[in-house]
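The values are calculated or read from the model by the stated rules, or taken from the named source; none is laboratory data. Keep in mind that what you see is a predicted model, and the values were worked out from it rather than measured. FYI the Cβ positions are ideal-geometry reconstructions off the backbone, even for glycines, and counts take in every protein chain you see. Side chains included, ligands, DNA and RNA excluded: accessible areas come from the protein's heavy atoms. Shrake-Rupley method; radii C 1.70, N 1.55, O 1.52, S 1.80 Å.
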Amino acid sequence: FLSVLITPNDKSDQVNLYLPNGEIIGTGRINSARFGNAKDQQWYGQVIDRPYHNAFVYMGEDDAMGKYSTGFYSKHFISYVMQRFDSLNLANGYIEIKRSMESVLAAAIHYNSVYGEEVYIVDGSGTLVFPVESELPEHLTELAAGEIPETVGLHVEDGHYVFYAPSEYSDFCTVLSISRWDLMSPVFDYMGNIAIIAIITLALAVVISY
């Protein structure tokens with residue numbers, strides 16, 4: 001049951017159940033039953049601060065789970081964590097659904113830039129989630145300060161067009177950035193080609209006239 005919590009046909013890499021008695025039951029890439037405390041987990045602070053005690057959290061690289069994969073982004077994980085409630089609606093631990101970035105962010109990872117645009121994904125605090133092991137460019141310093149737009153929109157910042165798309169289901173925000181020059185370069189190239197053709201045509205006309 002735990003291994004199909006996302007959908008029956010789209011299994012998670014790992015599901016961990018954190019019980020109030022300090023027991024952790026895991027299934028997926030690592031099947032285990034061990035003692036541990038939800039409060040000691042990397043995601044706990046972000047989850048407990050949210051109104052409904054659920055959150056998507058970038059977990060970074062996981063050596064134990066990553067050994068079963070070869071791809072770079074298959075070794076980095078994102079967890080969705082939610083608080084459990086029993087039949088009396090009393091808090092009864094947490095469920096962590098863990099998936100690789102390769103499966104969650106496949107569209108961003110395999111996106112091929114057309115005009116030099118760059119894709120970034122940040123969490124609610126402005127921490128860069130994607131690309132891994134990179135830094136936000138200088139014109140996105142507001143994001144690094146945690147100033148995340150709450151609505152989808154296009155902004156002009158320091159010579160760049162920046163499109164923000166906050167997620168409706170998490171604190172993550174997808175950012176598409178492209179410089180004005182890169183955006184207009186196809187137009188400039190086209191105009192340059194037209195100018196060259198016009199000059200050659202004029203030159204030929206002059207030659208023929210003589």
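Any idea how many residues of the stretch 81-114 are without any contact (Cβ under 8 Å) to a residue 40 or more places away in the chain and among the hydroxyl-bearing types (Ser, Thr, Tyr)? Result for the stretch 81-114: 3.
Do we find a residue being open to solvent by less than 40 Å² (accessible area, probe 1.4 Å) and either among the hydrophobic types (A, V, I, L, M, F, W, C) or part of a loop (DSSP other than H, G, I, E, B) (or both) anywhere in the stretch 154-162? Before you say what the answer is, go through the steps one by one.
To start, the set of residues in the stretch 154-162 that are open to solvent by less than 40 Å² (accessible area, probe 1.4 Å) comprises 157, 159, 162.
Filter again for either among the hydrophobic types (A, V, I, L, M, F, W, C) or part of a loop (DSSP other than H, G, I, E, B) (or both), leaving 159, 162.
For the stretch 154-162, residues open to solvent by less than 40 Å² (accessible area, probe 1.4 Å) and either among the hydrophobic types (A, V, I, L, M, F, W, C) or part of a loop (DSSP other than H, G, I, E, B) (or both): present.
Looking only at the stretch 39-94, filter to residues that are of a type outside the set (A, V, I, L, M), part of a strand (DSSP E or B) and open to solvent by 50 Å² or more (accessible area, probe 1.4 Å); which one of those is farthest from LEU105 (Cα to Cα)? If you could, list the steps in order and put the result at the bottom.
Going through the stretch 39-94, the residues of a type outside the set (A, V, I, L, M) turn out to be 39-46, 49-54, 56, 58, 60-63, 66-77, 79-80, 83-87, 89, 92-94.
Checking the rest, the ones that are also part of a strand (DSSP E or B) come to 54, 56, 58, 60-61, 76-77, 79-80, 83-85, 92-94.
Checking which are open to solvent by 50 Å² or more (accessible area, probe 1.4 Å) leaves us with 56, 58, 61, 80, 84-85.
On the way: PHE56: 13, TYR58: 12, GLU61: 15, TYR80: 14, ARG84: 26, PHE85: 30 Å.
Only one residue fits best here, namely PHE85.
Here ASP158 clears all of (1) within 30 Å of TYR18 (Cβ to Cβ); (2) in contact with a helix residue (DSSP H, G or I) (Cβ under 8 Å, 6 or more places away or on another chain) except the condition numbered (1).
Would you say GLY146 is out of contact with any Cys (no Cβ under 9 Å at 6 or more places or on another chain), at pLDDT below 80 and open to solvent by less than 60 Å² (accessible area, probe 1.4 Å)? Criteria met by GLY146. For the stretch 51-77, the set of residues classified as under 14 Å from the mean Cα position of the chain (by Cα), closer than 11 Å to LYS98 by Cβ and free of Cβ contacts under 8 Å to residues at least 40 places away in the same chain consists of MET59 only.
On the stretch given as the stretch 98-137, residues that are under 26 Å from ASP63 (Cβ atoms), open to solvent by 30 Å² or more (accessible area, probe 1.4 Å) and among the charged types (D, E, K, R) total 4.
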